[in-house]
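The values are calculated or read from the model by the stated rules, or taken from the named source; none is laboratory data. Note that this is a predicted model, so its numbers are computed, not measured. Every residue, glycine as well, gets a Cβ built from its backbone with ideal geometry; the counts of neighbours run over all protein chains shown.
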Amino acid sequence: MTGLTLTTRPIEHGVVLQLSGELDHHTAPRVLETLKRITLTAGQQLVVDLSRLSFCDSSGIASLVAARNHALAADATIALAALPAWLTRVFRMVGLDKVLVTYPTTQAAAAAWSRRLR
Amino acid sequence: MSAAGREAGQPFPEDDPHAEAAMFSTLLEDSAEDLYDNAPCGYLSTLPDGQIAKVNATLLRWLGYTREDLVGRRTFSDLLTVGGRLYYETHFAPLLNMQGEIGGVALELRAADGSRLPVLVTSTVKTSADGQPRLIRTTIFDASDRRAYERELLRARQEADRERERLQRLVTTLQHSLLPSSLPKVPGLEAAAYYHIASRDEVSGDFYDLFPLSRERWGFFLGDVCGKGAGAAAMTSLIRYTLRAAAVYDPDPVTILDTLNTALHQEYRGDNPRYCTALFGILTPDGDGFAITLAGGGHPPCLLLRADGTADFQPTPDGMLIGMLADATFTATTIRLSAGDTLLLYTDGLIEAHTATTGTVDGRYGDQALHTFAVKLAPTTATETIAALAELLTGFGDGLDDDTAALALSVPAHPPADEPTTP
């Protein structure tokens, strides 16, 4: 049992939420709790950094959708950074690739957000 | 100390060392005799043959005897209950003789009125100059509080066990109400199902069903609700009835999943959204087998194990997680289930099982391993597939930490052509 570590850090235009470890039935509720504490304003970006994610089950997928809903409810946008290769297949399977934009890194996600402004 | 003295109503000024010394000397004048008799524990001295030689007032009070009742007349073992006496003679006394002391033994004393007093007993042997035992000194502590505490603890534990059993009965009943009690008989089809619940305390979010739609048409589904427990059970119930009702109304798998998506999206929104993944299929007899229209929403693809020994995943691409978006899209695929073919539907507990043997990068049983398993098995039947799967999953042991459901449908192979039999 490796568990999940959640870290949030503010960036210029929003918040980065990093999920490290196993995102499953046991740990997904913590993502929902953390989301409640992340305040976003219209136009900001929530970047979910998955570079250190080692496992994700259906509850984990649900928590990522909750993150999307949380961002959209504040008129903010959401981007996933460093989606692990093994998760790409699952994303395609559940159709998440169509509703969650992914970038190779958090920097790339930020760059995309800046471009959007121009 | 002086502060404590003041609180107890003894007016010694704290700056007067003489007054403080006087208080101590008053305490020290407390006679050893009085301390012995009225100590907060029982004292008992017995001769090596067990005869009671001396006993303090505390113990006499606890037991309701007078000094005359006991001294020179009774032995220590006379004060014990029958069980205690047995233990005393077989264990306590021999150990005491051997070691010269024994401590913390729980015994029960019998009072004059017949009541029992749980005690903790400590004894030491006093020896003479030549090493011969002269006297046994015994200290007795009242352990009724401790015994009551232990009884309370035991009662709480039994209560918790009963609650847990009740919860497990409730979970089992609820679980059964969410699954078909037995699969219906479909002419020309063999069907088998498997169900593994990871926890006996929580309702699983996996579900499946096979049911008639008309004389010539059957519906089946299998899916997985994100999460488990009471919330997942309520959602599973909604899913099951929505799917069954929608199938009767319009037997098109894509429309049925659309209906379910709308129902779930309306019901579960906000901070704790819930979704499900599912495969829904319609079976129609077709020649010697069945034509299957299958739609999927975010669910792992099913496996077709063919009569010719091959096996392939049957993807339903672009099917989204059901309930996630108001306008989710689902797609259907058609599968022909011919004689000797088996279709296997499963939930992700299977591909996510932790295993040490499959050699996947992340130590979990993956698609590739499942495909290999299917190829080895084909050609097969629904019953055989489920049996092999059950064996595989049992092999995972504790590695199977998620609930797992599987549904297999097969068309019996052609009976071997009647070969001309030579007499």
What residue, of B:Gly72, B:Gly64, is in contact with a Ser or Thr (Cβ under 9 Å, 6 or more places away or on another chain) and assigned by TED's automatic domain parsing to the domain that holds B:Leu135?
B:Gly64
Tell me whether segment A:28-35 contains one or more residues that are modelled with pLDDT of 90 or more, buried (at least 17 other Cβ atoms within 10 Å of the Cβ) and within 20 Å of B:Met320 (Cβ to Cβ).
no
Looking only at residues in segment B:313-338 that are of a type in the set (S, T, N, Q) and part of a strand (DSSP E or B), which one is nearest to B:Leu243 (Cα to Cα)?
B:Thr331
Matching residues in segment A:85-97 - criterion: being surrounded by 16 or more Cβ atoms within 10 Å (Cβ to Cβ) and either more than 8 Å from chain B (Cβ to nearest Cβ) or farther than 22 Å from B:Phe330 by Cβ (or both)
A:Trp86, A:Leu87, A:Val90, A:Phe91, A:Asp97
Looking only at segment B:168-198, which residues are in contact (Cβ under 8 Å) with a residue 12 or more places away in the chain, of a type in the set (Gly, Ala, Ser) and part of a loop (DSSP other than H, G, I, E, B)?
B:Gly188, B:Ala198
Among B:Gly223, B:Gly227, B:Gly188, B:Gly205, which is at pLDDT 85 or above and within 26 Å of A:Leu64 (Cβ to Cβ)?
B:Gly223
Return a yes/no flag: does segment B:153-172 have any residue that is of a type in the set (S, T, N, Q) and assigned by TED's automatic domain parsing to the domain that holds B:Leu47.
no
In segment B:206-240, residue farthest from the other protein chains (Cβ to nearest Cβ) [restricted to those that are more than 21 Å from B:Asp258 (Cβ to Cβ) and part of a loop (DSSP other than H, G, I, E, B)]
B:Arg215
Check on B:Gln51, within 23 Å of B:Thr127 (Cβ to Cβ) and either small (Gly, Ala, Ser) or loosely packed, with under 13 Cβ neighbours inside 10 Å (or both)
no
Where residues in segment B:313-331 are among the hydroxyl-bearing types (Ser, Thr, Tyr) and within 28 Å of B:Val375 (Cα to Cα), which of them is modelled with the highest pLDDT?
B:Thr331
Sort out which residues of segment B:207-237 are within 23 Å of B:Val171 (Cα to Cα) and surrounded by fewer than 18 Cβ atoms within 10 Å (Cβ to Cβ), and write them in order of number.
B:Gly229, B:Ala230, B:Gly231, B:Ala234, B:Ser237
Would you mind stating whether B:Glu108 is surrounded by 12 or more Cβ atoms within 10 Å (Cβ to Cβ) and either in the same structural domain as B:Leu60 (by TED's automatic domain parsing) or touching an Asp or Glu at 6+ places or on another chain (Cβ under 6 Å) (or both)?
yes
Give the number of residues within segment B:327-339 that are within 18 Å of A:Ile61 (Cβ to Cβ) and more than 8 Å from chain A (Cβ to nearest Cβ).
1
Look through segment B:264-312, keep the residues that are in contact with a Ser or Thr (Cβ under 7 Å, 6 or more places away or on another chain), assigned to a loop (DSSP other than H, G, I, E, B) and more than 14 Å from chain A (Cβ to nearest Cβ), and return whichever of them is modelled with the highest pLDDT.
B:Ala307
Of the residues A:Ala76, A:Ala71, A:Ala112, A:Ala42, only one is farther than 23 Å from B:Gly296 by Cβ, out of contact with any Lys or Arg (no Cβ under 8 Å at 6 or more places or on another chain) and within 14 Å of chain B (Cβ to nearest Cβ); which?
A:Ala71
Of the listed residues (A:Ala62, A:Ala66), the one being within 10 Å of another protein chain (Cβ to nearest Cβ), assigned to a helix (DSSP H, G or I), crowded, with 23+ Cβ neighbours inside 10 Å and not polar (S, T, N, Q) is A:Ala62
Would you kindly identify the strands (runs of 3 or more DSSP E) lying entirely within segment B:25-120 that contain at least 2 residues that are aliphatic (A, V, I, L, M)?
B:52-55, B:101-110
If I go through segment B:144-182 residue by residue, how many of them are polar (S, T, N, Q), farther than 30 Å from B:Ala405 by Cβ and either exposed (fewer than 10 other Cβ atoms within 10 Å of the Cβ) or within 15 Å of the chain's Cα centre (by Cα) (or both)?
1
Scan segment A:49-58 residue by residue and report those that are in a strand (DSSP E or B) and under 19 Å from A:His26 (Cα atoms).
A:Leu53, A:Ser54, A:Phe55, A:Cys56
Give the residues of segment A:55-107 that are more than 26 Å from B:Ala278 (Cα to Cα), of a type in the set (Gly, Ala, Ser) and under 14 Å from the mean Cα position of the chain (by Cα), sorted by residue number.
A:Ala71, A:Ala76, A:Ala79, A:Ala81, A:Ala82
